[in-house]
Amino acid sequence: MVSLAPFVLKRPWLTKMLTPAANWYASASGYRQLGLRYDDLLEEESEAMQIALKRLPVKEAYERIYRIRRSVQCSYTHKLLPKNEWTKPEEDVPYLRSILQQVEAELAEKDALDSMTVIKKH
C-alpha cells in the first residue's frame, strides 16, 4: 500500500491545510461515537495482525476487546454511546500499528531468508 503521509508531513503548509479535513473525516466516520479507536478497526484476519495482537500488553488487549464488544452492543441496539463516553481525538492514539509494522518487517525478513538460494562455488 502506498501512503501519501510522508509526502504531506514533509510539507508543513500542506499538513496545516489538510489537518482540519482529516479531523473532520475522523469525526464524521463515526467510530469515535461508538467508543472505538482507529487501531480497533484494523483487519484481524492476517497472520501479521494475529501475531501483533498476541504481543499487545494484557491491559491494552483487554481494553481493546471491551471497546469492540461495547461498540457491537451499540450496533445491535442502533444507539450511540452518550457523548461523554465518545473517544476524544486526544485519546485516539495508535497503540497497535507500530507493533504491526514490526511484525510485518519480521515476516518479510523471514520470507526473504526462506526463499534465499545458496549457490556453492567450487
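The values are calculated or read from the model by the stated rules, or taken from the named source; none is laboratory data. Computed from a predicted structure; not experimentally measured. No Cβ is skipped: glycine too gets one built from the backbone with ideal geometry, and neighbour counts run over all protein chains shown. Surface accessibility is based on the protein's heavy atoms, side chains included, excluding ligands, DNA and RNA. Shrake-Rupley method; radii C 1.70, N 1.55, O 1.52, S 1.80 Å.
Note on the chain: with neighbouring protein chains present and a 1.4 Å probe, carbon and sulfur make up 61 percent of its accessible heavy-atom surface.
Gain in length, residue 119 to residue 70, computed as 0.36 nm per residue apart minus the alpha-carbon separation, to one decimal in nm? Walk me through the numbers on the way to the answer.
Working: separation 49, 0.36 × 49 = 17.64 nm, distance 5.58 nm.
Separation in residues times 0.36 nm, less the Cα-Cα distance, equals 12.1 nm.
Within the set (i) 10.1; (ii) 11.4; (iii) 10.9, the number that mean projected area of the Cα convex hull in nm² takes when calculated for this structure is listed as (ii). Would you please state which residues of the range 1-19 a label at residue 46 would reach in this model, taking the label point 7 Å out along Cα→Cβ and a backbone N cut-off of under 20 Å? Under cut-off, by backbone N: 1-7. A cut-off of 5 Å between modelled amide H atoms, ignoring neighbours fewer than 5 places along the same chain, links residue 31 with no other residue.
When Lys and Arg each count +1 and Asp and Glu each count -1, what net charge do the other residues less than 14 Å away from residue 35, Cβ to Cβ, add up to?
Charge balance near residue 35 sits at +3.
Once you charge only the Cβ atoms, +1 for Lys and Arg and -1 for Asp and Glu, what is the size of the charge dipole of the range 28-113 about its Cα centre, to the nearest 20 debye?
Working: 14 positive and 16 negative charges, 124 e Å.
I would put it at about 600 debye.
Can you work out the FRET efficiency for the pair residue 25 and residue 62, with r the C-beta to C-beta distance and R0 = 30 Å, to the nearest 0.05? Rounded to the nearest 0.05, the efficiency is 0.55.
Lys pairs in the chain, Cα-Cα under 21 Å, at least 8 apart or on separate chains: how many?
4
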